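A.B. asks: Okay, here's the structure, questions in a sec.
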């Protein structure tokens with residue numbers, strides 16, 4: 001089953017954009033009368049039927065509308081962009097597939113990359129949303145300074161820190177059905193000052209297992225650990 | 001800390017190969033007297049000291065040898081190679097980082113790719129082993145027919161199956177401290193006959209959550225779920 005993404009459907013738009021229309025006509029070879037599903041990325045699935053196919057514009061009517069309630073828990077990962085941007089893009093794809101609610105990018109003292117292409121990140125997230133057949137597109141935030149991110153008001157706030165044998169595992173510290181924020185640092189880890197100021201703002205140091213994980217792997221492992229605790 | 005991989009160290013070899021020697025000299029700029037750690041990938045870490053640096057050959061002496069015991073549980077994932085081989089290579093890198101014991105590749109009725117470059121897979125696994133600072137290189141098996149793989153004698157055997165609302169989650173079925181085998185199918189899933197013959201051989205159908213996961217994501221999610229149950 002193909003799922004299409006059309007955020008403007010809730011505002012009354014009843015045709016797919018040029019790129020998705022081309023996919024319907026050229027790849028799926030659909031015709032008027034054929035049905036497909038659309039999500040607005042805000043919790044709704046629409047069952048629709050093609051009414052007309054004009055050049056570059058596939059129009060449809062809505063047959064049924066189904067609401068997927070938002071979960072009580074929410075997973076927000078704030079991660080430092082990796083030097084190689086493929087790696088952070090891979091994190092976004094996989095975290096969306098598995099199920100994440102919010103992704104932020106954090107600028108740290110040891111960050112090797114200080115920018116993020118948010119338009120590209122959004123495209124990857126939408127593609128993963130459609131692939132994994134979900135109705136809620138995660139919130140994607142642009143890059144913010146570390147100091148700003150640690151002001152966040154989540155129920156449980158964690159900071160991954162590698163060189164800290166005293167850290168307790170995320171699995172033992174996370175309680176079910178909460179709003180979580182997990183900070184994941186860059187290749188060179190958070191600085192001692194950043195760690196101290198996060199702890200001063202209510203964050204707990206966590207370990208993600210005994211192996212040394214890359215930034216993007218740590219982000220995904222944190223996301224999936226919280227998923228498991230809440231499933 | 002850089003970790004080097006030298007499987008022949010246990011047979012008495014006391015110098016790094018050309019590529020690793022170049023890394024020590026040109027990138028890390030080490031000199032005689034400097035120390036580094038080597039693993040044989042079979043459970044040992046060796047603390048070593050450079051004795052001489054000749055062209056393309058870095059010789060060392062062993063200062064200390066430390067054994068990392070093998071875990072009681074073991075995770076074996078048998079996965080269908082993905083059409084795009086980047087995706088299966090990504091799975092190998094991440095599964096090794098997180099901690100997997102054995103990887104097999106399975107040839108199914110709906111497989112779109114029927115071969116695997118095992119030399120390249122091994123290189124990726126070694127690189128992930130060094131990166132994540134581990135002493136046990138997972139066993140890597142070449143591609144095998146589905147019928148052969150389902151003869152395996154693991155304690156708990158699972159098969160991921162997408163279009164089966166009756167599947168129970170891996171998290172609920174997996175018991176701690178066992179030897180597990182999980183079969184993960186290709187883009188087109190296992191066939192009904194394959195599913196039936198796996199079940200006839202003691203496999204249990206599992207679900208990996210409500211989202212539709214790509215092959216490589218399903219493999220990693222299965223691996224990490226079992227890791228969490230055993231940590």
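The values are calculated or read from the model by the stated rules, or taken from the named source; none is laboratory data. Computed from a predicted structure; not experimentally measured. Cβ atoms come from the backbone with ideal geometry, glycine included; neighbour counts cover every protein chain shown.
A.B. asks: Residue by residue through region A:83-97, note down the ones that are within 13 Å of chain B (Cβ to nearest Cβ) and either free of Cβ contacts under 8 Å to residues at least 60 places away in the same chain or surrounded by fewer than 24 Cβ atoms within 10 Å (Cβ to Cβ) (or both).
C.D. replies: A:84, A:86, A:87, A:89, A:90, A:92, A:93, A:96, A:97
A.B. asks: So in region A:173-191, with the set limited to residues that are away from chain B (no Cβ under 14 Å) and farther than 19 Å from residue A:102 by Cα, which one is surrounded by the fewest Cβ atoms within 10 Å (Cβ to Cβ)?
C.D. replies: A:191
A.B. asks: What is the number of the single condition among (1) surrounded by fewer than 23 Cβ atoms within 10 Å (Cβ to Cβ); (2) part of a helix (DSSP H, G or I) that residue B:219 does not meet?
C.D. replies: Condition not satisfied by residue B:219: (1).
A.B. asks: Also: Among the listed residues A:61, A:31, A:19, which satisfies the condition of being more than 19 Å from the chain's Cα centre (by Cα) and under 20 Å from residue A:125 (Cα atoms)?
C.D. replies: A:19
A.B. asks: Right, residue B:16: under 21 Å from residue B:128 (Cα atoms), outside the structural domain of residue B:136 (by TED's automatic domain parsing), touching a residue at least 12 places away in the same chain (Cβ under 8 Å) and in contact with a strand residue (DSSP E or B) (Cβ under 7 Å, 6 or more places away or on another chain) or not?
C.D. replies: Answer is yes for this residue.
A.B. asks: Quick one: would you say residue B:56 is without any contact (Cβ under 8 Å) to a residue 40 or more places away in the chain, at positive phi and more than 16 Å from the chain's Cα centre (by Cα)?
C.D. replies: yes
A.B. asks: Name every residue in region B:222-231 that is assigned to a loop (DSSP other than H, G, I, E, B) and more than 9 Å from chain A (Cβ to nearest Cβ), in order of residue number.
C.D. replies: B:230
A.B. asks: List every residue pair whose Cβ atoms sit under 6 Å apart, with the two residues 6 or more apart in sequence or on different chains, where the first one lies in region B:205-219 and is touching a residue at least 12 places away in the same chain (Cβ under 8 Å) and the second, anywhere, is surrounded by fewer than 23 Cβ atoms within 10 Å (Cβ to Cβ) and in a strand (DSSP E or B).
C.D. replies: B:207/B:169
Conditions tested, residue by residue: (1) at pLDDT below 95; (2) under 30 Å from residue A:188 (Cβ atoms); (3) assigned by TED's automatic domain parsing to the domain that holds residue B:159.
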position	(1), (2), (3)
B:23	yes, yes, no
B:37	no, yes, no
B:40	no, yes, no
B:47	no, yes, no
B:53	yes, yes, no
B:59	no, no, no
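A.B. asks: Restricting attention to region B:153-171, does a residue exist that is under 30 Å from residue B:19 (Cβ atoms) and either touching a residue at least 12 places away in the same chain (Cβ under 8 Å) or loosely packed, with under 14 Cβ neighbours inside 10 Å (or both)?
C.D. replies: No: region B:153-171 contains no residue that is under 30 Å from residue B:19 (Cβ atoms) and either touching a residue at least 12 places away in the same chain (Cβ under 8 Å) or loosely packed, with under 14 Cβ neighbours inside 10 Å (or both).
A.B. asks: Right, something else. Take the residues in region B:40-80 that are within 23 Å of residue B:227 (Cβ to Cβ) and surrounded by 23 or more Cβ atoms within 10 Å (Cβ to Cβ); name whichever of them is farthest from the other protein chains (Cβ to nearest Cβ).
C.D. replies: B:78
A.B. asks: Quick one: in region B:192-212, which of the residues that are assigned to a loop (DSSP other than H, G, I, E, B) and either at pLDDT 95 or above or more than 11 Å from chain A (Cβ to nearest Cβ) (or both) is nearest to residue B:170 (Cα to Cα)?
C.D. replies: That would be B:202.
A.B. asks: Quick one: would you say residue B:30 is touching a helix residue (DSSP H, G or I) at 6+ places or on another chain (Cβ under 9 Å) and under 25 Å from residue A:212 (Cβ atoms)?
C.D. replies: yes
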